[in-house]
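The values are calculated or read from the model by the stated rules, or taken from the named source; none is laboratory data. Given the structure is predicted, the values throughout are model-derived calculations rather than measurements. Every residue, glycine among them, receives a Cβ derived from its backbone with ideal geometry; neighbour counts consider all protein chains shown.
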Amino acid sequence: MYEINKAAVIGAGTMGLGIAGQLANAGVDVVLLDIPAAGDNRNAIAERALQRLLDPQQPGLLHADCIERIRIGNIDDDMHLLRDADWIAEAVVERLDVKQALYQRIDAVRKPGSIVSSNTSTIPISLLVANMPEAFRSEFAITHFFNPVRFMRLLEIVRGEATRAEVMHCLEKFGDERLGKGIVICKDTPGFLGNRVGVFAIQTALHAAFRMGLRPEEADAIFGRPMGIPKTGVFGLYDLIGIDLMRDVVKSLVSILPANDAFHAVAAEIPVMTRMIEAGLVGNKGGKGGFYQPADPANGVRRKTLDFNTLSYVGAAHVVGNPHAGDNYAWEILANTLSYAASLVPEVNESLVAIDDAMKLGYNWLQGPHEMIDAIGVDNFIARLEKDGRDVPAFVRTAAGKSFYRVHNGRLQYLLADGRYRNLERAAGVIRFSEQRRTLTALEENEAASYFDLGDGLGLIEFHSKANALGPGSIELIAAAVAHASDNMTALLIHNDAQHFSCGADLQSILDFIASQDLDGLDRFLDHYQQTMLALKYAPIPVVAAPSGLSVGGGFEVLLHTDKVVYHANSVTGLVESLVGVVPGGGGVKEMLYRWSGQHGDVTRGAWSAFMNIGYGKTARSPLEAEPLAMFRSGVDLYIMNRDRLLATARREALAMAGAYRAQRRGPLAMPGREVYAEMIAWLKKARARGQLTPHDVTTGTQIAMIVTGGDIAAGTELSENDILALERRAFGILGATRLTRARIEFMLEHGTPLRN
């Protein structure tokens, strides 16, 4: 009955703009309205907002061309544009009177059978639709997105008493399959799930840090990656969101949560933060800083931390001064947050899975609260709570002697409030490998990667090193999996459920070779790497990769050697090795040279394109940006909006290719030779003279030029794939022997940003 083909968004603020942008990303025509501006251009507010979608620091669009799907206007002149909308999403100021007045105007123009929703997270749905006609209430819901909308995976959907089941089904299906969101159905309770648990955790961490006298960098070193939480921690997250904005969020929750809710114990304003706001120290957006003052690695300036007494910035400490304080701080956060989350079952939500999903999808936690309790051990958690004299939530008591999740008869199950277990069922086509792998036993495994039999003749390679960096262990596993798969499988998948597919080669391993001056060892490692990539490319069965997040450097070289790639829409791809003073050494230059030469129909033009793109370390932030850079093959590769559907899609594509599959080997390339090589060297020198390149950029670019042209050889000389791979290794060794490359790698490892030397 309900189908969304056209949409409208009212409110061009951060959230409304993000929703409109994601609709455009999904190929949906959307109208974006805001209040009229003073002056001649009454659409100026929406027009200015639209430009924010093109912000190069955090673009809201998969490609700049997506903006053509957004039509702007204002609510005084253009309400008639809503007549064609199948879905009208309201994202205006959080004032009940404003929203209710707007709904009256929407209802006067919307077509029968259109859906209306609000992005609110603070106003109950019963109040929003009070005094509205039955037809409106039956087609109204809350659709609560998280910021930034393009990147945050959670969409909370709330049903009103009168909302039709068909409306909920349509929003759930559209949000999942078209917008790419993980859907959590919430009751109409304050804060729903994501913010209710997430803000409680943040406030617990904040108040505990001040009470224990921890500096921001000390607290964030604990409430961050060690706990499976984003590295921003609590103080860094406050800076990112805005200290003044977070204060308003807390006040909002205080006003709507029950008086006996544990949130009130961590909601009081902290005097130092009030002084900070008065002084304009509100975080990253204010320009002055917040709890931290941004670092400037280019000038050797490290990040500084605010001194709470003087409100001036001082050098950051590197460790917690008192280890006991760190232990106590971690336990304080875990005990309070995990207990709070468990206390919400079943009154706030019947399913612990919904709560865990909300935190993983909306706050980027690696594990949900109940998964964390399982990792601690339910009985251990109860014992520690009792030792401290803390209350043990009833749902945690229910899990005593058991766990919240278990594998039973090959199925992953979760605990219900009554003590029974239920199979964890996802929507058709949704597979999270982090869940599926709990039911599997690896055929091959080391510290960096694993190989699994998925059934149906499918093998799967999973990377699981830090940042999924590729080192000797990763390469060994790929080689073993290819050999095993050739005998026992009909297709091979490469996929993982981590934040990033692979951030590239393990730079520390490379640096170890360079620091010990073991260039022969480096060459042997690269040769093994290259031959493994060739074996992957020419495996007798199809190889399909399904990446999300970063796939750069060596990670992208893996993708370059597969038959097909199923990308997530937000995948970032590129060969970035030049930024650390080396060249792609796993066949990346070779593959891009072949791709560009085929695309241009000319090896010389292909060499120039590969030279420029690899030399500048160009990256694409979506498959749509990747296509003109020859990183995405139209008609071969594909992309989907929901990363939870990557694995199912890759399975389908791989099985479709199996059977009649035959690997297609390529012949040699007739290289451009010494004349084109000399032209590239001349180009580098001119760019250096204009101040566009650094000295080591020229050195690195010279080696890239040598690979893509063949160097000092006659034009037309044919080189095989292995010949070009040998040039990659030669260039890598030459650069690895330089002091400036070592400096670049060391700087990247320490600061996470390129050194321009």
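See the values below:
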read-out	value
Candidates Gly606, Gly581, Gly601, Gly588 - the one that is buried (at least 23 other Cβ atoms within 10 Å of the Cβ), small (Gly, Ala, Ser), more than 18 Å from Glu721 (Cβ to Cβ) and not assigned by TED's automatic domain parsing to the domain that holds Arg739	Gly581
Every pair of residues 6+ apart whose Cβ atoms lie under 6 Å, when the first sits in the stretch 677-699 and is more than 19 Å from Ile734 (Cα to Cα) while the second is small (Gly, Ala, Ser)	Leu693/Ala687
Qualifying residue in the stretch 50-65 (condition: surrounded by fewer than 19 Cβ atoms within 10 Å (Cβ to Cβ), under 29 Å from Met132 (Cα atoms) and modelled with pLDDT of 95 or more)	no
Odd one out for Ala650, checked against (1) crowded, with 21+ Cβ neighbours inside 10 Å; (2) touching a helix residue (DSSP H, G or I) at 6+ places or on another chain (Cβ under 9 Å)	(2)
Total residues in the stretch 680-732, condition among the β-branched types (Val, Ile, Thr) and not in a helix (DSSP H, G or I)	3
Counted residues, the stretch 418-460 - those being free of Cβ contacts under 8 Å to residues at least 12 places away in the same chain and farther than 24 Å from Glu177 by Cβ	5
Candidate set from the stretch 518-530 (those that are in contact (Cβ under 8 Å) with a residue 40 or more places away in the chain and surrounded by fewer than 19 Cβ atoms within 10 Å (Cβ to Cβ)); member that is nearest to Thr741 (Cα to Cα)	Leu519
Test for Gly581: is it over 16 Å from the mean Cα position of the chain (by Cα) and under 24 Å from Tyr616 (Cα atoms)	yes
Filter pass, Ala678 being under 24 Å from Gln599 (Cα atoms), modelled with pLDDT of 95 or more, hydrophobic (A, V, I, L, M, F, W, C) and not assigned by TED's automatic domain parsing to the domain that holds Asp176	yes
Test: residue in the stretch 742-752 that is surrounded by 15 or more Cβ atoms within 10 Å (Cβ to Cβ), outside any helix (DSSP H, G or I), out of contact with any Lys or Arg (no Cβ under 9 Å at 6 or more places or on another chain) and among the hydrophobic types (A, V, I, L, M, F, W, C)	no
Residues of the stretch 466-497 satisfying the condition of being in contact with a strand residue (DSSP E or B) (Cβ under 7 Å, 6 or more places away or on another chain) and more than 23 Å from Ala660 (Cα to Cα)	Asn468, Ala469, Leu470, Gly473, Ser474, Leu477, Ile478, Ala480, His495, Asn496
Candidates Ile478, Ile510, Ile461, filtered to the one that is crowded, with 21+ Cβ neighbours inside 10 Å, within 20 Å of Arg643 (Cβ to Cβ) and among the β-branched types (Val, Ile, Thr)	Ile461
Arg756 over 34 Å from the mean Cα position of the chain (by Cα), in a loop (DSSP other than H, G, I, E, B) and at pLDDT below 95	no
Tally of residues being aliphatic (A, V, I, L, M) and not in a helix (DSSP H, G or I) across the stretch 157-177	3
Strands (runs of 3 or more DSSP E) contained in the stretch 33-131 and holding at least 2 residues touching an Asp or Glu at 6+ places or on another chain (Cβ under 9 Å)	70-74, 115-118
The stretch 226-242: number of residues that are crowded, with 23+ Cβ neighbours inside 10 Å and either farther than 28 Å from Ala375 by Cβ or outside the structural domain of Leu206 (by TED's automatic domain parsing) (or both)	1
Residues (at pLDDT 90 or above and either crowded, with 21+ Cβ neighbours inside 10 Å or part of a helix (DSSP H, G or I) (or both)) located in the stretch 212-225	Met212, Leu214, Pro216, Glu217, Glu218, Ala219, Asp220, Ala221, Ile222, Phe223
Boolean, Ile72 is in contact with a helix residue (DSSP H, G or I) (Cβ under 8 Å, 6 or more places away or on another chain), closer than 26 Å to Asp188 by Cα, at pLDDT 95 or above and assigned by TED's automatic domain parsing to the domain that holds Leu179	no
Among (1) in a strand (DSSP E or B); (2) over 32 Å from the mean Cα position of the chain (by Cα) - the single one Tyr414 does not satisfy	(2)
Matching entry among Pro294, Pro271, Pro258 (being out of contact with any helix residue (DSSP H, G or I) (no Cβ under 6 Å at 6 or more places or on another chain), touching a residue at least 40 places away in the same chain (Cβ under 8 Å), assigned by TED's automatic domain parsing to the domain that holds His207 and surrounded by fewer than 18 Cβ atoms within 10 Å (Cβ to Cβ))	Pro258
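One line per residue, one yes/no per condition, for (1) free of Cβ contacts under 8 Å to residues at least 12 places away in the same chain; (2) more than 27 Å from the chain's Cα centre (by Cα):
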| position | (1), (2) |
| --- | --- |
| Asp327 | yes, yes |
| Leu334 | no, no |
| Ile355 | no, no |
| Leu385 | no, yes |
